[in-house]
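The block underneath contains the structure these notes are about, expressed in structure tokens.
The values are calculated or read from the model by the stated rules, or taken from the named source; none is laboratory data. These numbers were taken from a predicted model, which means no experiment stands behind them. All Cβ positions, glycine included, derive from the backbone under ideal geometry; neighbour counts span all protein chains shown. Heavy atoms of the whole protein, side chains included, go into the accessibility calculation; ligands, DNA and RNA do not. Shrake-Rupley method; radii C 1.70, N 1.55, O 1.52, S 1.80 Å.
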Amino acid sequence: MIRKLLIANRGEIAVRIIRACRELGIQMVGVYSTIDKSSLWVRLADESVCIGEPPPGESYLNMDRIIETTQKVGADAIHPGYGFLAENPDFAQRCEEAGITFVGPTSKALRLVGDKVAARQTMQRAGISIIPGMTVVGKKAEDFRQAIAKLGYPVLVKASLGGGGKGMRIVRDEKELDMAVAAGRREAKFAFGDESVYLEKYIEESHHVEFQVLADEFGRVVHLFERECSIQRRYQKVVEETPSPALTDELRREMGEVAKLAIKSAGYTNAGTVEFLLDQEDNFFFLEINARIQVEHPITELTTGIDLVRQQLLIASGERLTLSQEGISPRGHAIETRIYAEDPTSDFLPSPGKIRWLKEPQGPGIRVDSGVYSGYEVTPHYDPILAKLIAWGKTREIARRRIIQALKGYVILGITTSIGFLIDVLEHSQFVAGKTHTNFISKNMKGWRPNDQALTEALIAAAIVSSEAPAATKVLAAQATSPWQELGKWEMGSGGI
Amino acid sequence: MVEYRFVYAGKTYRVNVEAATGSWLISIDDGEPLEVKLISSSPYCLSFSMGGRPITAYALQGDGRRYISIDGESFSFELEKSRARRAPGVAAQGGGNVVSSPMPGFLVKVLVSGGDKVEVGQTLAIVEAMKMENELKSPIKGIVKRVKFEEGNQVDALQPIVELEAV
């Protein structure tokens, strides 16, 4: 069993891994860049070590530093979380060579599936249908033009390494191509340290359905059913749910078996996700294997009752899977919304800044996986995800209503977030009807603004707090018994900070 | 009567507050005054009724802003006067002579330099934050007067990056 684990990540997923470690009695060490010094996971971990400057290459992507730190603190394993080094085979190999357990597949399997181009080749050989497109990395402008001659527009530029939509660009005509490839390369280089990109046919209004798989080191492979992740902006998921409203039982069975075949063909172990695109005629294509714990893993945990991070740690410790396929029967429906620091009124532009006050929702069936707190400064250096809100209900409709209620009680003051937008997505008649496809946001939510009534009420509230409201002031002055309240009536949290 | 001017999404709203007995009369722009009663207030939380309907708002003020959240919808209002004081260059943004970053971030690419001729819609620079790139495009046909930052610099929201001269 792993004795001491180093968590090579940040934000909410670092917090999530800390929790799993505590439950298993594993000691854990957090790492942070200088700007993340007062972050939540740094406070929660048994110990934390600063590993460098804010740019990811100098800290969270700095393999030398991370391996060196692991050895220095005497940890025997590394959990890479998602993003950063999670799917980097060189890093997994460095761990193997240093005798450190990498919580994930072997470097060999990672090299195969973590590289999307290599994965496409493998799946094609195993007889699994892949999305039409390039099966080698594009080097020269000519490579891309040749591929397009066969595929036709629109196409997607995709980064060969990594995921999360980084480096991805849709190209609808010739004149966008060079810029899109260049931008994709830059983004990929920044996020994953590798600029390889390739092209794939872009399938409009498809469903993005993925299957969670667990595989131990003794050849047992089970799937934990699907997640529907079609609601995306900038090719990044915003709302996820399970089960998928798009699947029939027959399709679900078939895709589950293909998912297991994909994992076996790649010699893959630990937790992984097999992503498929489902077109409007119910054809499904292998998209990629996400060789990591996924951001949206909690919805599977809520419906199957299986703790995925715990399973990851057990598998990495060399334990046998005790789950059987027949024994996994999901119950009810779960929905996750990602809470991003971004402005939905201006094309989801990032909105870093200080969270002046935070109130996370509660209630039956509600779970919040958060990496932030009141007073936390959201930095522009990293991904805009702040937290995830997940709701479980016996039916899709109950889960939907629960998560809307929870979003309405979610308060983040100081920075702009996607919360108001998410409520309107979940209340949209097309979402209610289960018509979730990858163009949902561009098609149904274009030009989104908060409604006028909400704006009117907020303007009135702003005027009230600005007014010398004698009654309110007096009430507060009378209650001002703690040093916090003495800071001032509405200036709390903004005064001396 | 007190008038507040709040800026939201580039638009200014005039909110007039008139104290009455046990309540306020509040109007927005030239709309009808609404009767607003305070129900309770505690730090960060404010309950009031409007036309008999109870509303709970989470609120705080600071840095010339009012942060309000009602039913999950949140707003950051800037007081108009502080906006004018803090960023005089912004006025020119609409005029097309100054191109600013729409978000805080890092200048990852500067594609023009002083003296360059630029066309409408031409990409002048690229700002990146949270791994998302944003292209700053020229709103006019003209000549680059000055680029105020270098690649790698950190920039603030609404900070002028490129100054242009129309031709």
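Quick look at the numbers
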read-out: For the protein assembly as shown, size of Cβ-based charge dipole, Lys and Arg +1, Asp and Glu -1, in debye; value: 360 debye
read-out: For the range B:95-166, accessible area per residue (1.4 Å probe, heavy atoms of protein chains only), Å²; value: 44 Å²
read-out: Rounded to the nearest 20 debye, dipole of the range B:2-79 from Cβ charges on Lys, Arg, Asp, Glu; value: 160 debye
read-out: 18 Å Cα-Cα reach of B:K141 towards lysines, excluding residues that sit fewer than 8 places from it in its own chain; value: B:K117
read-out: Too-long pairs where the Cα-Cα distance tops 28 Å, listed order kept, from A:K158/A:K435; A:K446/B:K137; A:K116/B:K137; A:K150/A:K264; A:K158/A:K260; A:K237/B:K11; value: A:K116/B:K137; A:K150/A:K264; A:K237/B:K11
read-out: Net charge over other residues, Cβ less than 13 angstrom from the Cβ of B:L164 (K, R count +1; D, E count -1); value: +2
read-out: Exposed-loop-free span, longest in chain B, where GluC sites (Glu not before Pro) count as exposed if DSSP calls them loop and at most 13 other C-beta atoms lie within 10 Å; value: B:1-118
read-out: Proximal aspartates and glutamates to A:K388, defined as alpha-carbon separation beneath 15 angstrom and excluding residues fewer than eight positions away on the same chain; value: A:E12, A:E240, A:E241, A:E296, A:E301, A:E336, A:E342, A:E360, A:D369
read-out: Most to least packed among A:384-390, A:410-416, B:142-148 [average Cβ atoms within 10 Å]; value: A:410-416, A:384-390, B:142-148
read-out: Semi-axis lengths (Å, descending) of the ellipsoid that matches the C-alpha gyration tensor of the protein assembly as shown; value: 42, 31, 25
read-out: Per-residue ³J(HN,Hα) for the range A:71-77, Karplus 6.51 cos²θ - 1.76 cosθ + 1.60, θ = phi - 60°, Hz, x for Gly and Pro; value: 5, 5, 7, x, 7, 9, 8
read-out: Average beta-carbon neighbours from other chains, 10 Å sphere, peptide A:129-135; value: 0
read-out: Neighbourhood charge, 14 Å Cβ-Cβ cut-off, centred on A:P54 and excluding it, Lys, Arg +1 and Asp, Glu -1; value: -2
read-out: Per-q log10 I(q)/I(0), the range A:132-201, q = 0.19 Å⁻¹ (Debye; single scatterer per alpha-carbon; no solvent); value: -0.62
read-out: At least 40 Å² accessible surface lost relative to isolated chain, residues of the range A:431-463 (1.4 Å probe); value: A:P450, A:L455, A:E457, A:A458, A:L459, A:I460, A:A461, A:A462, A:A463
read-out: Crossing angle, helix A:174-192 versus chain A [Cα axis fit, 0-90 degrees, rounded to tens]; value: 80 degrees
read-out: Average accessible area per residue (Å²) across the range A:4-103 - probe 1.4 Å, nucleic acids and ligands excluded; value: 35 Å²
read-out: Per-residue ³J(HN,Hα) for the range A:146-155, Karplus 6.51 cos²θ - 1.76 cosθ + 1.60, θ = phi - 60°, Hz, x for Gly and Pro; value: 4, 4, 5, 4, 7, 7, x, 7, x, 10
read-out: Sequence-distant residues sharing a close amide H with A:L349 (under 5 Å, placed H); value: A:D343
read-out: Of every Cα-Cα pair in the range A:4-103, the percent that sits beyond 21 Å; value: 21 percent
read-out: Protein accessible surface hidden between A and B, which excludes ligands and nucleic acids, total in Å², probe 1.4 Å; value: 5600 Å²
read-out: Cα-based convex hull volume of chain B per residue, rounded to whole Å³; value: 146 Å³
read-out: Over the protein assembly as shown: helical MRE at 222 nm, DSSP H runs n ≥ 4 each giving -39500 (n - 2.57), nearest 500; value: -8500 deg cm²/dmol
read-out: Ratio of the Cα radius of gyration of the range B:2-79 to 2.2 N^0.38 Å, where N counts its residues; value: 1.10
read-out: Percent carbon-and-sulfur accessible area, the protein assembly as shown, ignoring ligands, DNA and RNA, probe 1.4 Å; value: 49 percent
read-out: Hz values of 3J(HN,Hα) by residue in the range A:31-44 - Karplus curve (6.51, -1.76, 1.60), Gly and Pro given as x; value: 10, 8, 8, 3, 6, 9, 3, 9, 7, 4, 5, 5, 6, 7
read-out: Amide H contacts of B:R146 (H built 1.01 Å from N, under 5 Å, at least 5 apart or other chain); value: B:E163
read-out: Descending semi-axes in whole angstrom, ellipsoid equivalent of the range A:207-453, from the Cα gyration tensor; value: 31, 21, 17
read-out: Kirkwood hydrodynamic radius (C-alpha pairs) into Stokes-Einstein, the range A:304-389, 4 °C and 1.567 mPa s, D in µm²/s; value: 80 µm²/s
read-out: Dipole axis of the range A:109-209 (+1 Lys, Arg; -1 Asp, Glu on Cβ), positive-most option in A:M134, A:L156, A:I203; value: A:M134
read-out: Solvent-accessible heavy-atom area per residue, rounded to whole Å², over the range A:207-453 at 1.4 Å; value: 34 Å²
read-out: Positive-end extreme of charge dipole, the protein assembly as shown - chosen from A:I51, A:I17, A:T456 (charges on Cβ); value: A:I51
